[in-house]
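Bear in mind that the values in this text are calculations on the coordinates, not laboratory data. Note that the structure is a prediction, hence the values are computed from the model and not measured. Counting neighbours? That spans all protein chains shown, and the Cβs are built from the backbone with ideal geometry, glycine included.
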There are 2 protein chains.
Amino acid sequence: MTLKAYLQDKITIINDALDKYLEYKKPHPEVIYESMRYSVFAGGKRLRPVFMLATCEAFGGDSQVAIPAACAVEMIHTYSLIHDDLPAMDNDDYRRGKLTNHKKFNEATAILAGDALLTKAFGTICLTDVNKVHPNVIHQMLCEISTAAGAEGMVGGQVADMEAEGKQIELQDLEYIHAHKTGALLSVAIRCGAILANASLEQQKYIGIFADQLGLAFQIQDDILDIVGNQEVIGKKVGSDIDNNKATYPRLIGLEQSKAKVQELTEQALQALELANCKDSTYLRAIANYLISRES
Amino acid sequence: MTLKAYLQDKITIINDALDKYLEYKKPHPEVIYESMRYSVFAGGKRLRPVFMLATCEAFGGDSQVAIPAACAVEMIHTYSLIHDDLPAMDNDDYRRGKLTNHKKFNEATAILAGDALLTKAFGTICLTDVNKVHPNVIHQMLCEISTAAGAEGMVGGQVADMEAEGKQIELQDLEYIHAHKTGALLSVAIRCGAILANASLEQQKYIGIFADQLGLAFQIQDDILDIVGNQEVIGKKVGSDIDNNKATYPRLIGLEQSKAKVQELTEQALQALELANCKDSTYLRAIANYLISRES
């Protein structure tokens with residue numbers, strides 16, 4: 001199967017499952033479901049859930065069992081975007097060329113839709129098939145996803161990002177922001193894929209390094225695209241991070257050095273992937289390479 | 001032990017555990033922990049966690065095992081207050097006589113502190129002692145707490161509450177709001193206490209009815225206190241629900257009828273408690289009676 005067909009297959013599986021998990025239920029207020037679904041189906045790349053399924057398969061697992069956890073991670077990712085876009089945070093009117101949740105609905109609904117998605121995420125992990133996955137594995141995923149998403153992970157990264165705004169920060173602070181704000185959730189998605197395939201602790205360790213290096217590379221690439229990207233392609237105002245006076249890799253170490261860093265991190269990630277000793281890492285490697293050569 | 005001593009004992013246990021679970025961890029941004037802790041330790045009555053521990057003991061269980069889940073429910077309750085107080089929602093500057101989170105910190109931090117508490121809640125449930133509690137029980141709690149807190153529960157109630165603002169609504173809409181916005185979380189706390197004590201399905205059913213009736217009685221009592229209460233005692237502006245044009249029981253059916261409804265619901269709750277056939281329901285009954293005679 002070509003990479004494109006493989007990705008499309010996984011994306012369809014994820015979208016169908018998300019559609020099912022987020023089905024409107026009477027007699028609850030319909031607007032909250034509309035708002036949750038609006039952002040979940042606003043054109044996300046499904047990077048995290050696809051990575052989880054692909055990692056599970058790479059270790060010889062049945063990716064069917066990973067669907068609930070994969071959708072949960074996508075719900076958490078979506079809630080974080082809804083809240084990040086709020087006026088009190090990044091104050092963005094558009095994302096991926098569509099109105100942000102609070103512009104489409106209103107601020108209160110956007111806050112609550114984010115809250116509901118985050119809550120639903122944990123309920124969705126619980127839908128993992130207990131006949132095929134040991135309860136201890138589900139338990140481990142819940143712990144790790146909670147840590148990756150909370151104050152020690154994604155939320156911590158977002159706070160650090162806000163604190164850095166308009167300030168002169170060091171490279172290590174920027175690495176903290178990237179590793180936590182976006183890296184933590186991508187990393188836990190990949191690790192959960194391995195856990196669900198019953199990968200050994202050694203394998204989990206190396207796939208974790210793969211995930212962390214790739215996550216940082218991905219984020220630096222995002223910083224680069226914000227500068228050199230094309231507004232129509234990435235769907236937000238090019239240079240908006242600079243307008244906001246946001247710390248980015250290109251600002252701190254320059255564009256060329258940033259590109260070199262992406263290359264270096266990707267190579268390290270692929271070395272770790274080698275050491276993780278997958279049954280078949282073809283697609284994981286292809287996705288990784290695709291990510292750093294992407295234009296949006 | 002007197003009820004007062006019993007409550008104080010449980011509150012101390014909960015506070016100590018919350019203090020431990022919410023301990024600041026380097027190198028994460030300190031302000032997010034400060035903000036989470038500010039609201040968690042802002043003088044809450046610990047009603048939900050105390051109820052969980054008391055219910056567990058009423059069914060002959062060891063309430064020690066309920067501490068993580070009890071703290072989780074309190075974290076969820078606290079996050080919901082932080083978000084409800086935001087300018088885009090109820091826009092409250094004070095709660096329990098103290099500045100609300102976004103007034104003490106700022107809006108962005110308040111949103112993120114709420115998000116982090118909600119996330120931490122699910123991670124905390126996972127800390128339940130697997131040597132003493134069967135994984136299936138932890139799994140059941142996670143499902144039920146997620147449902148009670150999300151779009152089908154607390155968040156759904158908050159959305160319905162917002163939609164009702166300034167509108168003429170029916171009693172059944174108000175019941176939906178109360179049952180979901182505040183009732184769902186209290187109810188799940190009580191049911192989790194029973195589940196952790198290995199109560200039978202029949203017992204879980206009756207304690208569920210007890211919880212639902214008592215929850216509604218509690219909320220109507222809140223509506224009543226908002227009218228007749230004393231500002232210093234309840235720590236927020238008396239009549240603020242009326243100022244906001246909020247639907248309340250006294251507005252819909254009058255003050256005296258509301259008081260009669262509280263009485264009726266409490267009696268129904270206590271009958272259900274009888275049928276739940278606890279090992280010792282002394283404290284549960286005492287807490288229920290205390291709740292509806294409270295002045296704040």
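HN-Hα J couplings of the stretch B:134-149 from phi, Karplus 6.51/-1.76/1.60, θ = phi - 60°, integer Hz, Gly and Pro as x?
Working through the residues one at a time gives 4, x, 5, 5, 4, 4, 4, 4, 4, 4, 5, 5, 4, 5, 5, 8 Hz.
Shape call for chain B from the C-alpha gyration tensor, a ≥ b ≥ c root eigenvalues: rounded (a/c under 1.5), prolate (a/b greater than b/c) or oblate?
oblate
Would you please classify the overall shape of the stretch B:59-199 from the alpha carbon gyration tensor, given that a ≥ b ≥ c denote the square roots of the eigenvalues, rounded means a/c under 1.5, and beyond that prolate means a/b larger than b/c while oblate covers the rest?
Because a/c hits 1.5 or more and a/b fails to exceed b/c, the stretch B:59-199 counts as oblate.
Quickly work out the residue B:227-to-residue B:271 label distance, labels modelled 7 Å from Cα along the C-beta direction, and quote it in nm with one decimal.
Here the modelled spin labels are 2.5 nm apart.
Over the stretch A:3-293, what is the relative contact order in percent, taking alpha-carbon pairs closer than 8 angstrom and at least six residues apart?
21
With the cut-off at 1.5 for a/c, could you classify the protein assembly as shown from its C-alpha gyration tensor as rounded, prolate or oblate?
It is prolate, given that a/c is not under 1.5 and a/b is the larger ratio.
For a quick check: with amide H placed at 1.01 Å from N, whose amide H comes under 5 Å from residue B:94's, ignoring anything fewer than 5 positions away on the same chain?
The answer is B:100.
Which value at 222 nm does chain B reach when only helices count, each DSSP H run of 4 or more adding -39,500 (n - 2.57), with the total divided by all residues and rounded to the nearest 500 deg cm²/dmol?
-22000 deg cm²/dmol
Got a sec to turn the phi values of the stretch B:164-180 into Karplus ³J(HN,Hα) couplings, 6.51 cos²θ - 1.76 cosθ + 1.60 with θ = phi - 60°, whole Hz, x for Gly and Pro?
Calculated HN-Hα couplings, in order: 7, 4, x, 10, 7, 10, 7, 4, 5, 5, 5, 5, 4, 4, 5, 4, 9 Hz.
Ordered shortest first, which distances in nm separate the 7 Å Cα→C-beta label point of residue B:96 from those of the other copies?
Once sorted, the set of distances for residue B:96 reads 4.0 nm.
Place the label 7 angstrom along Cα→C-beta at residue A:198 and in each other copy, then list the distances from the first to the rest in nm, shortest first.
Once sorted, the set of distances for residue A:198 reads 2.9 nm.
What is the average number of partner chain Cβ atoms found within 10 Å of a Cβ in B:125-132?
3
Pop out the ³J(HN,Hα) list for the stretch A:9-23 in order, Karplus 6.51 cos²θ - 1.76 cosθ + 1.60 with θ = phi - 60°, rounded to Hz; leave Gly and Pro as x.
Result, rounded to whole Hz: 4, 5, 4, 5, 4, 5, 4, 4, 5, 4, 4, 6, 5, 9, 5.
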